[in-house]
């Protein structure tokens, strides 16, 4: 049996040899609730063909020995700016927010995505294999349309463009709309009404902005897919009363596919969210009342939502930890630990893992991702320890059954300069 390192090197060097892969002897976390000790995952042509214990190894398979290790689906971050932002504080490398653009809902992040971003390699090393990528709020309640990408080491990483529309109806949305929530909701409803008017008669909708419209023709056209249910609408909102107002949107637009983002006071109205069958993307470590719309923020938010029957996924959208999806296992681990806090409500270990794998896939309709099961795309991560422990790290990452490089630009720079002798220094350095 080949060693893990040898198997990975062979797989990365020869895609044909990697067509059939067997990951054997590990603790398999399927993200469906099942945990298989001393199990195996068999992969053929980028798809999982079998998961279980005691499986027969296919002839000629590249074998990855996972004995003493843990095997999970690849992490899917339910929100991020991966590929849009290289250095957040350097405006020239930040394509997440169009601060002075005349367009809002019409903005599509897909053309700006950079598959060569150095951040992608770093996050992939942390076990992240897919990412939902969205814009930041600018000067409108609508920020534009996000995408779903693969973190594979490839130039072709875009999975789905215009995957959702993003709007902010909390404090930030109020500021963008003129300074108040009533202004934000008026702007929001006007935009959807204009989209409905455009849908009724596209040819008759005047070019640009006319005396009856406060949005551009392009924005109105972009929002048609929101009101007819073809494109999900992610609404960033925290206050419980704002969440209830957002849920009422289906009264006017019954086909609306609503997703709540952040939702720090969602536990107060968990039953209403569950009844509406609206999923939530949030973080497990929100607990500070750092704004007037999050006074009831608590780390038990996620546990209480899941207990009420709400589908919850974790994403990175600033705040705690910044936009670093590799920290999502830490979020999941803290959700588990919350159950041990007196009076706290947390998640079970497998439910927490599902919140960074299966649940994001379910929310965004990625039916062939997020779990380890026959027929699914083979996004698989082998960890050297418990994936929810801070001391654990991936030792192998496969995307569509292909072993990914376990290096990053930072690691290459470290290796290049760590052992330089004095004679190797540039001329400007003293010798």
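Mind checking whether some residue in segment 294-305 is over 19 Å from residue 334 (Cα atoms) and touching a helix residue (DSSP H, G or I) at 6+ places or on another chain (Cβ under 6 Å)? No, segment 294-305 contains no residue that is over 19 Å from residue 334 (Cα atoms) and touching a helix residue (DSSP H, G or I) at 6+ places or on another chain (Cβ under 6 Å).
This table checks each residue for (1) farther than 30 Å from residue 96 by Cβ; (2) touching a strand residue (DSSP E or B) at 6+ places or on another chain (Cβ under 7 Å); (3) assigned by TED's automatic domain parsing to the domain that holds residue 117; (4) without any contact (Cβ under 8 Å) to a residue 40 or more places away in the chain.
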{"site": "43", "(1), (2), (3), (4)": "yes, yes, no, no"}
{"site": "46", "(1), (2), (3), (4)": "yes, yes, no, no"}
{"site": "50", "(1), (2), (3), (4)": "yes, yes, no, no"}
{"site": "54", "(1), (2), (3), (4)": "yes, no, no, yes"}
{"site": "59", "(1), (2), (3), (4)": "yes, no, no, yes"}
{"site": "62", "(1), (2), (3), (4)": "yes, yes, no, no"}
{"site": "67", "(1), (2), (3), (4)": "yes, yes, no, no"}
{"site": "79", "(1), (2), (3), (4)": "no, yes, yes, no"}
{"site": "82", "(1), (2), (3), (4)": "no, yes, yes, no"}
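Note on segment 132-141: residues that are modelled with pLDDT of 95 or more and more than 18 Å from residue 280 (Cα to Cα) amount to 0. Do you know which of the residues in segment 306-318 that are touching a helix residue (DSSP H, G or I) at 6+ places or on another chain (Cβ under 7 Å) and under 12 Å from residue 270 (Cα atoms) is surrounded by the most Cβ atoms within 10 Å (Cβ to Cβ)? Among those residues, the one meeting the criterion is 312. Residue pairs whose Cβ atoms lie under 6 Å apart, sitting 6 or more positions apart in sequence or on different chains, and linking a residue in segment 226-251 that is under 14 Å from residue 278 (Cα atoms) to a partner that is surrounded by fewer than 15 Cβ atoms within 10 Å (Cβ to Cβ) and modelled with pLDDT under 95, do not occur here. Taking segment 300-321 as the search range and keeping residues that are at pLDDT 95 or above and assigned to a loop (DSSP other than H, G, I, E, B), which one is nearest to the chain's Cα centre (by Cα)? Taking the candidates together, the pick is 311. Restricting to segment 260-278, name every residue that is more than 18 Å from residue 298 (Cα to Cα) and crowded, with 22+ Cβ neighbours inside 10 Å. Residue satisfying the conditions is 278 alone. Take the conditions (1) surrounded by fewer than 17 Cβ atoms within 10 Å (Cβ to Cβ); (2) not assigned by TED's automatic domain parsing to the domain that holds residue 51; (3) not in a helix (DSSP H, G or I); residue 346 misses just one of them, which is (1).
Scanning segment 92-117 for residues that are at pLDDT below 90 and in contact with a helix residue (DSSP H, G or I) (Cβ under 6 Å, 6 or more places away or on another chain) yields a single hit, 95. Scanning segment 258-272 for any residue that is over 21 Å from residue 330 (Cα atoms) and either under 16 Å from the mean Cα position of the chain (by Cα) or outside the structural domain of residue 223 (by TED's automatic domain parsing) (or both) turns up at least one such residue.
Here 131, 163, 138 are screened, and the one residue that is over 18 Å from residue 377 (Cβ atoms) and either surrounded by fewer than 24 Cβ atoms within 10 Å (Cβ to Cβ) or in the same structural domain as residue 97 (by TED's automatic domain parsing) (or both) is 138.
The values are calculated or read from the model by the stated rules, or taken from the named source; none is laboratory data. Predicted model, so just to flag it, every value in this text is computed and none were measured. Neighbour counts are summed over all protein chains in view; Cβ atoms, including those assigned to glycine, are modelled from backbone coordinates with ideal geometry.
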